[in-house]
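Working notes, structure below.
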Amino acid sequence: MKKFLALILALIMVLSMASFASAEQGASIVVGLMGDPGNIGPFQGMGLGRIGILFTTYEMLMVKDGDEFVGCLMKELTQVDDLTYDVEIYDYIKDQDGNPLTANDIKFCFDTAKSIGNLPKLSAVDSVEVLSDYVARFHFTSLAAGDLESLLMECPIVTQAAYEASADQMATDPVTTSPYRVTSYQTGSTIVYEYTGNYWQNDESLSPSTSKHNVDKVTFKIIPDAVQMTNALKTKEIDISAFIDSAYIADFTAEGGYSVTAIPDNTSKYLIFNTHVFQDANLRKAIAYGIDVEDLILFAYDGVALHCKTIGNNKYPDYVDAWDDEEYYEYDADQATALFAEAGVSNATYRLIYAVSDQNTAMATAMQADLMDFGINLELIPYDSALFGNYKYAENDEWDLMLDEGGSSNLLTNVWKLSLDRRDQTYGKTVGYVVDDTLQSLLEAAMADNSPENMDAFHQYLKEQCYEYGLLAAVNNLAHTTVVKEAKTCFRGQILPGACEY
Amino acid sequence: MIRYIGKRLLWMIPVMLGIAILIFSIMYICPGEPAQSLLGPSATAVELAAKREEMGLNDPYIVRLGRYLYDTFIRFDLGTSYKFGTSVFAGLMERKQYTLVVALLCMALQVFVGTPLGIMAATHHNGLWDRVSMFLALVGVSIPAFWLALMLVLIFAVNLGWLPTSGVANGIASFILPCIANSFAGIASQARHTRSSMLEVIRSDYIVTAKAKGLSSKTVLFKHALPNALIPIITIVGNGMGMMLGGTVIIENVFAIPGVGRYMTDAITARDYPVVMGGVLILGLIFSLIMLLVDIVYAFVDPRIKAQYEGKKKAKKAPDVGTAKGGA
Amino acid sequence: MQKAVDAGIRNRRQGQFGQVMHRLRKNKVAMIGLVIMILLIVMALLSPWITPYDYAKTSKAERYALPSLQHLFGCDGMGRDILSRIMYGARASLFLGLMSTLAATVIGVLLGSLVGYYGGKVDNIVMRILDIIQAIPGMLLSIAISAALGSGIGNTILALSIGGVPMTVRLLRGSILTVRKQEYIEAAEKINCSKWRVITSHILPNSIAPVIVSVTMGIGNTILQAASLSYIGLGVQPPTPEWGAMLSEGKSMITKYPHLCIFPGLAIMIVVLCLNMLGDGLRDAMDPKLKN
């Protein structure tokens, strides 16, 4: 028995040594990813895992490079009329199997994506018409400000030939135009990309940061547990991660060979009032005044988060900078008390629903503690994400207050739209059950033309009515070892391994 | 016995059908939005409603149930995962190897460490060994698996650097910490159960008789006491094996092991209906088979039980067997 | 006539129960377990009046405070006193843990003795139904219970206990199968003892041991499980403390501030320990072989 055990132990030791020794060297990087991308095929919906690998896997007609939209596959964009645009692509694009990419493939991709239906924003694309080998004409059903660019970025492009040759609609082995090709995909664990060596865009100056290939091999390692993510970085099993819990940031010092960057999260948190319950604007304002957002930031984010001044953060191009200095329901106990009195409310109980996460629970608990001072009792109802999605859009009153979050790839109006556009709800009211024609028309005006005046008009009206109350935007912590000289991220705060400097 | 096994295998059919209908009905009444995970968090209510309609989720219960049963039992098709876009069966097959490795290693640890601990405790009843091993067992079941897991990682991976923190890329080395963390509770409960049933048997008349006859205590222990104490141990091992093949979510999450447990839990959270229903069915089948195996093993360990399986007529004769054994 | 017999049986039964209690009382270890359990329950009941601080009171200055004289167990991420939260959390955790364990055991023992004693068709049908139920992941059963029956303490106990039933039944069935055909059972049946009496005073005492072990070991797990129910509409909602939830809240801070996890973990451990001490004593007291 003892001999047997000793043998097993020895075997384990040898095996583990061997496997460690075989870790290879060279121009490669291991990126820690928190979410599981699942299906990495081109026409899938967005999720935490997918946004991490999106730009390494695919190229689109346009991409957002830093703060600007630039052509990637697209060489030139010409407006024909309000809802019609001609897109010309480079005439030397080839995918990783050598299939040339033409306008036919553009049409194929948009048509397929629309019919699969996982990218619902594409319903704004009425049809794509092939004008010549390299020019496609896009007919849109409607175009709000900023929509054009984000629609051209929404759909990853692959060749029809490669897509049809794939046995599983590219779910595990996509053939794309990107400089990196998936060489191994172990579902739920690792995805390995390698530089193909013959990227189609030979003019470096024309390729955006999303298409750079400064490293030969990229391995994405899926680590769902936050503590384990920091452990993996400590042991250098991963070189870089954008998901380092703020409590552990202090462990990654410059002396230890780490660099840390704070990256504002694309999404921001806000509070939605059920206006059936909160009919009185004073009551809504009283709640807003009674919540100390600084408390929320401290308890949920260790004091590091952006205090919002509207629904959404201040990183969007159509954000009006003057709002930064405005008064926005900053915590004021006297005001809150006065407004509660005016609304005639004391000792009320409200149900606050939120999607369960450590941060949301801390925020909800902090709000509950704040409002307790005014005799307001919040009943906290956390839900798992599927149930939250279910109750969020429920037509009947399943909640009184909702802690929600949202972000957009381009404009602030698209953050507002998520919960405040009546046209997007099945029951013709905003998520908070508001039916307010002024609000709707101001929103539509801002969406059609996001001039500072229009933006301000909507913002001020929303602030005055206080149908929703903007809270905070999280800041993500990106940390990396000396393998990377300078980290580069996409607009969603995700690492672009090919664009990092080594 | 063969007849009994055949009958039990035939019983599998209604059981599978029962599982299919039950899991389908549960998924039907469970609130939650499968379209949400497909479209991402920024999908609006209108977009979600359209997707639901397209996925056929708005059809009446009976239509969807009929479609599901037809696909599953007539076409033998478990469907395609919403999230992964690959077939559910392939998805399970891809993940089963990791779960299998963890389950087998854990069960081995549980049986080969837990049982000796338990026997030791029983033979030294109320002695120091008993106290120490039982205290360890209690600590074992009370420590949450994630806590133990993270502590082990901190010591052996982060500080000592002997083993990887997570993932499955390093062969067997990747599974050492997960298995230790995961089997702790199993070892503990195995030890407790072994001790308890050994104590029970050691006190019974025939062991006392055997001892009185002057047989060596080793012979008594392994030839007479252990086989009679095995029934609860077999139950525990069988049940544990069945459960572990369903995957251990906590360990798989902490150690980033792409096993069946994470596949299923993620599917439950995202309401990935095909994965949940297909997975439950396959795991249910495996579980039922293991339970059958447990019943068969019972019969081999204890002939009296075998007699009971073989129907009423023969059972009348069974007491002879029982007496013979009992009086040994 | 029949009445007289029944009364006689009842007397004897009470006598048996009395004997078990008498033997249990003589077992020092079991008594220590019992006393600590009672103390914990009393602490839980009195907790609204005896906690040193308000369990929900947050404090910016004392976030993650380490154990000190002011806060014996330290403070959590919201600056709340962990000792107070553990004392108050005992209410939910002990109640849910004990009640659902009890419910699972009672149902499991009833079903288990039924299938073990009768065997044959009854055994086959009940066990196959259990196969079906056991195939469904516990989390899904809980979501379904919450969706179909709504929230509430009763449904939470149902959700927590349903998973424990099959194991109890299987353990008991296995043991009964071995004692079922032993001569003293046959003898009892031959002298026309009622089935109820055969089961309760001959079969169960000889086969209950594995169930006691499994149940007393399982309670820690049940307490931990309660935490995951709170976001499917069951269980205890924050900020009301509960040990399982305290542990999972402290999880992401485990290597930074281990005291967030250690104290609720210890609390669970003490409960498991006491119940096991009590369970061991109970098993010995019920064991007919140890009567003298």
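The values are calculated or read from the model by the stated rules, or taken from the named source; none is laboratory data. Please read all numbers here as calculations on a predicted model, not as lab measurements. Heads up, the Cβs are rebuilt from the backbone with ideal geometry, glycines too, and the neighbour counts pull from every protein chain shown.
Side notes on the structure shown:
- So C:L140, is it out of contact with any Lys or Arg (no Cβ under 7 Å at 6 or more places or on another chain), within 10 Å of chain B (Cβ to nearest Cβ) and modelled with pLDDT of 85 or more: yes
- All conditions in (1) within 20 Å of C:A44 (Cβ to Cβ); (2) crowded, with 22+ Cβ neighbours inside 10 Å; (3) not aliphatic (A, V, I, L, M) hold for C:G250, with the sole exception of (1).
- Screening C:S201 with (1) surrounded by fewer than 24 Cβ atoms within 10 Å (Cβ to Cβ); (2) facing another protein chain (nearest Cβ under 10 Å); (3) small (G, A, S) gives one miss only, at (2).
Results for (1) within 12 Å of chain B (Cβ to nearest Cβ); (2) crowded, with 22+ Cβ neighbours inside 10 Å; (3) touching a Gly at 6+ places or on another chain (Cβ under 8 Å), shown as yes or no for each residue.
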site: A:G32; (1), (2), (3): yes, yes, no
site: A:G35; (1), (2), (3): yes, no, yes
site: A:I40; (1), (2), (3): yes, yes, no
site: A:F43; (1), (2), (3): yes, yes, no
site: A:T56; (1), (2), (3): no, yes, yes
site: A:E59; (1), (2), (3): no, yes, no
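- For the range A:211-246, filtering for residues that are under 21 Å from A:C490 (Cβ atoms), buried (at least 22 other Cβ atoms within 10 Å of the Cβ) and among the acidic types (D, E) leaves 1.
- Among the residues of the range A:196-234, just one is under 18 Å from A:E486 (Cβ atoms), among the hydrophobic types (A, V, I, L, M, F, W, C) and in a helix (DSSP H, G or I), namely A:L233.
- So A:G428, is it in contact with a Ser or Thr (Cβ under 7 Å, 6 or more places away or on another chain) and surrounded by fewer than 20 Cβ atoms within 10 Å (Cβ to Cβ): no
- Identity of the residue in the range A:170-188, away from chain B (no Cβ under 14 Å) and part of a loop (DSSP other than H, G, I, E, B), that ends up farthest from A:P224 (Cα to Cα): A:T177
- Residues in the range C:204-239 that are more than 12 Å from chain B (Cβ to nearest Cβ), within 14 Å of C:F95 (Cα to Cα) and either outside any loop (DSSP other than H, G, I, E, B) or β-branched (V, I, T) (or both): C:A226, C:V236.
- Cβ pairs under 6 Å, 6+ apart, first in the range C:172-193 and closer than 13 Å to C:N206 by Cβ and free of Cβ contacts under 8 Å to residues at least 12 places away in the same chain, second assigned to a helix (DSSP H, G or I) and hydrophobic (A, V, I, L, M, F, W, C): C:K181/B:A318
- Qualifying residue in the range A:176-190 (condition: surrounded by fewer than 18 Cβ atoms within 10 Å (Cβ to Cβ) and in contact (Cβ under 8 Å) with a residue 24 or more places away in the chain): no
- The single residue among C:I162, C:I185, C:I157 that is within 24 Å of C:P210 (Cβ to Cβ) and more than 21 Å from the chain's Cα centre (by Cα) turns out to be C:I185.
- Counting the residues of the range B:36-60 that are at the interface with another protein chain (Cβ under 8 Å from one of its Cβ atoms) and in a helix (DSSP H, G or I) gives 12.
- Of all residues in the range B:1-45, those that are farther than 19 Å from B:S288 by Cα and either hydroxyl-bearing (S, T, Y) or surrounded by fewer than 16 Cβ atoms within 10 Å (Cβ to Cβ) (or both) total 6.
- Just one of the listed residues (B:L154, B:L150) is in contact (Cβ under 8 Å) with a residue 12 or more places away in the chain, within 11 Å of chain A (Cβ to nearest Cβ), closer than 19 Å to C:I262 by Cβ and not aromatic (F, W, Y), namely B:L150.
- Scanning the range B:13-35 for residues that are part of a helix (DSSP H, G or I), within 14 Å of chain A (Cβ to nearest Cβ) and touching a residue at least 60 places away in the same chain (Cβ under 8 Å) yields B:M27, B:P34.
- Any hit, the range C:108-129, residues being buried (at least 20 other Cβ atoms within 10 Å of the Cβ) and free of Cβ contacts under 8 Å to residues at least 40 places away in the same chain: no
- Evaluation of A:Y469 against the conditions (1) under 20 Å from A:V320 (Cα atoms); (2) touching a His at 6+ places or on another chain (Cβ under 6 Å); (3) among the aromatic types (F, W, Y) shows that the sole unmet condition is (2).
- The selection criterion, being more than 22 Å from A:D147 (Cα to Cα), loosely packed, with under 15 Cβ neighbours inside 10 Å and not aromatic (F, W, Y), does not hold for A:D449.
- Answer residue from the range A:212-241, given it is within 9 Å of chain B (Cβ to nearest Cβ) and among the basic types (K, R) and is nearest to A:A254 (Cα to Cα) among those: A:K234
- Number of residues in the range A:372-402 that are within 30 Å of A:A144 (Cβ to Cβ) and away from chain B (no Cβ under 14 Å) equals 1.
- Checking each residue in the range A:76-128 for being among the charged types (D, E, K, R), farther than 22 Å from A:Q169 by Cα and touching a residue at least 60 places away in the same chain (Cβ under 8 Å) picks out only A:D82.
- Condition met for A:N390 (within 27 Å of B:A35 (Cα to Cα) and not in a strand (DSSP E or B)): yes
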